[in-house]
1. Peptide A:68-78: average number of partner chain Cβ atoms within 10 Å per residue?
2. Give me the extension gain from B:E282 to B:N215: residue separation times 0.36 nm, minus the current Cα-Cα distance, reported in nm with one decimal.
3. How much of the DSSP bridge set in the protein assembly as shown is antiparallel, in percent, rounded to the nearest 5?
4. Per DSSP helix of 4 or more residues, -39500 (n - 2.57); summed, then divided by the residues of chain A. What does that give at 222 nm, rounded to the nearest 500?
5. For B:K305, which inter-copy label distances result when the label point lies 7 Å beyond Cα on the Cα-to-Cβ vector, reported in nm to one decimal and in ascending order?
6. Suppose every K and R has +1 on its Cβ and every D and E has -1 on its Cβ; what is the size of the dipole of the protein assembly as shown about the Cα centre, in Debye to the nearest 20?
7. Pop out the ³J(HN,Hα) list for the range B:157-172 in order, Karplus 6.51 cos²θ - 1.76 cosθ + 1.60 with θ = phi - 60°, rounded to Hz; leave Gly and Pro as x.
8. Which distances in nm, rounded to one decimal and ordered from shortest, link the label point of A:H291 to the equivalent label points in the other identical copies, with labels set 7 Å from Cα toward Cβ?
2 protein chains.
Amino acid sequence: MATLQDVAIGLDLGGTKILAALISRDGETIREIESETSKQSKEDVSMSILNTINRLLENDKVDRNRIKGIGIASAGIIDSKKNIIKFANNLGLENFPIGSLLEQHYHLPVKLCNDANAAAIAEWIWGAGRGKENLIYITVSTGIGAGIISNGSLVTGIHDSAGEFGHTSIMHQGVLCKCGNRGCLERYASGTAIVNTASQRLLAGEKSALQKLLNEGLEITNQQIAIAAEEGDVFSINLLKEVGGFLGTGVNNLIHLFNTEVIVFGGGVMNMSPFILPSIKEAVRGYGIFHMAKDVAIEMTTLGKKGGVMGASGLFFTNEATEEELALSHVK
Amino acid sequence: MATLQDVAIGLDLGGTKILAALISRDGETIREIESETSKQSKEDVSMSILNTINRLLENDKVDRNRIKGIGIASAGIIDSKKNIIKFANNLGLENFPIGSLLEQHYHLPVKLCNDANAAAIAEWIWGAGRGKENLIYITVSTGIGAGIISNGSLVTGIHDSAGEFGHTSIMHQGVLCKCGNRGCLERYASGTAIVNTASQRLLAGEKSALQKLLNEGLEITNQQIAIAAEEGDVFSINLLKEVGGFLGTGVNNLIHLFNTEVIVFGGGVMNMSPFILPSIKEAVRGYGIFHMAKDVAIEMTTLGKKGGVMGASGLFFTNEATEEELALSHVK
């Protein structure tokens with residue numbers, strides 16, 4: 001049966017796959033399609049995207065008139081005003097006019113945002129930040145990023161680059177980061193940093209169940225560290241707690257700058273390592289300015305990997321979007 | 001002759017004085033009054049404020065119908081929704097209902113914000129951030145604070161406490177701050193911190209023209225350090241450059257989080273110490289993520305001490321205020 005609610009198409013463009021979904025205003029996934037990202041050329045990427053959306057629309061569950069638009073969450077540097085992917089290394093794209101491509105094919109409005117912002121929007125509309133005016137989504141995986149909702153709006157900055165939380169320094173004149181800055185949080189608390197730190201310490205001879213892997217010539221991974229911690233390996237537990245402490249310092253900075261209500265964590269490292277979150281909370285309760293930190297909810301996402309695609313469609317369901325529609329309807 | 005422009009009353013409530021002014025939409029100060037802040041009791045403060053505004057209005061230069069409202073910039077913790085000063089230590093106030101007090105007396109709309117936010121609004125409407133959507137005002141005096149305009153809106157957070165830039169940590173597990181956090185920027189780069197560091201180093205015997213003052217039993221002040229630096233004292237020059245480096249780390253964090261266009265500095269320490277700003281710029285050009293940092297304007301305020309009172313009146317002249325008026329006029 002056709003849904004009577006408004007829906008939007010969400011598209012999550014990742015380095016290895018495209019996730020597309022039809023999402024209703026109340027957050028229900030009506031249909032979803034996953035396909036491989038082709039990285040041969042711009043044309044290949046275009047074809048992959050169009051094929052994925054075409055497959056998504058090959059069904060009669062939704063009245064086409066109820067589709068509000070196509071929202072895209074993309075990695076890399078985007079321009080949401082021009083709807084262009086300016087540069088996405090892991091997609092092999094430069095100045096890719098995804099907005100005009102999709103508008104021409106589907107005659108629907110298109111909106112674009114980066115992936116961390118999409119996840120924040122999903123949390124805002126349907127997740128842990130539902131009904132809140134101030135919310136920050138933080139992803140900790142290979143790198144660290146954030147999507148920030150402040151006073152009921154997405155913080156994008158002048159060139160859609162806001163939220164580079166992984167490249168805020170928590171150590172004046174600390175370790176040099178590949179971004180050119182020193183002491184970046186990402187150098188201390190990302191998946192990459194955790195593995196580097198563990199490997200260095202193990203090579204220096206620190207005691208750990210992980211030494212066995214090293215002796216077998218295997219590389220250390222975040223998953224192995226997480227498993228060792230769960231099995232009681234003190235080395236791994238302490239390392240993950242330390243990481244929580246670094247993240248806690250960064251989170252306090254966010255709380256002090258944004259006076260936020262909710263911090264939601266996602267990303268591979270956070271999902272596989274339950275020892276990190278309690279240490280973040282400890283740092284916030286211990287060092288955050290009391291009247292700003294005491295009531296901040298600090299939680300794991302419940303939307304999982306669907307945050308990106310949901311948030312992409314959510315670009316058509318925020319209050320801001322609703323106001324735009326209202327304004328347009330007045331003009332009509 | 002009466003002005004034909006809209007005007008608003010701005011009020012800057014400081015610990016030692018009240019500054020009140022009638023400001024026109026184009027930023028002209030039509031009249032201003034300064035008076036001492038009485039700190040005996042709530043009633044005294046109320047009387048001081050009412051007397052100051054009464055004196056401001058004792059003239060025929062402005063058609064009363066053209067006064068849009070009374071904007072207040074206050075130190076301390078405020079509640080801009082309830083128009084209450086929740087706690088202002090240097091005014092001796094707790095839960096002071098300044099909004100209802102002034103509404104009852106003058107039958108005008110009242111808006112309230114904190115002093116750093118007011119200064120940011122003034123820069124946004126009339127100063128270095130004119131016409132920009134993204135701007136951050138930073139004050140460096142006894143403490144360090146910021147007012148943040150992001151995507152064309154003032155960032156207040158849930159309880160009007162956003163912008164605690166002085167209490168962002170640039171040193172994980174660094175010096176303990178009185179706020180409870182560790183490594184706060186304010187511990188390294190505020191006027192208080194500069195004097196502390198100078199005193200410690202001088203007592204440890206470092207060579208400086210300032211040793212003379214210490215030998216005479218005088219206390220070191222920021223002004224003396226600034227003067228010594230201007231006169232070529234290497235100790236003082238290096239100290240102020242170092243402070244610029246600390247501030248630069250903090251500023252890079254702001255640029256990476258907000259992707260801002262303009263950073264404007266004010267406050268006593270910045271005004272008296274011209275050696276600081278070049279070091280901040282050096283840190284930003286040296287360590288900021290290139291595509292986010294390269295075009296950011298970093299400037300001193302040109303509004304001086306009037307930023308607070310101008311921004312307070314400016315609460316009635318922002319685009320947001322204009323939209324509110326438009327909405328109200330539709331309702332009418």
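1. Values: counts 0, 0, 0, 0, 0, 0, 0, 0, 0, 2, 0.
Counting Cβ atoms of other protein chains within 10 Å of each residue's Cβ and averaging gives 0.
2. Numbers: separation 67, 0.36 × 67 = 24.12 nm, distance 3.49 nm.
Full-extension gain reported as 20.6 nm.
3. Details: 61 of 101 bridges.
Around 60 percent antiparallel, to the nearest 5.
4. Rounded to the nearest 500, the figure is -12000 deg cm²/dmol.
5. 6.2
6. Details: 58 positive and 72 negative charges, 78 e Å.
Here the protein assembly as shown has a charge dipole of around 380 debye.
7. So the Karplus estimates, Gly and Pro as x, are x, 5, 10, 6, 10, 4, x, 6, 4, x, 10, 9, 8, 10, 8, 3 Hz.
8. 4.1
Laboratory data are not the source of any read-out in this text; all were calculated from the coordinates shown. None of these values were measured; they are calculated from a predicted model. Neighbour counts run over all protein chains shown; Cβ positions are idealised from the backbone, glycine included.
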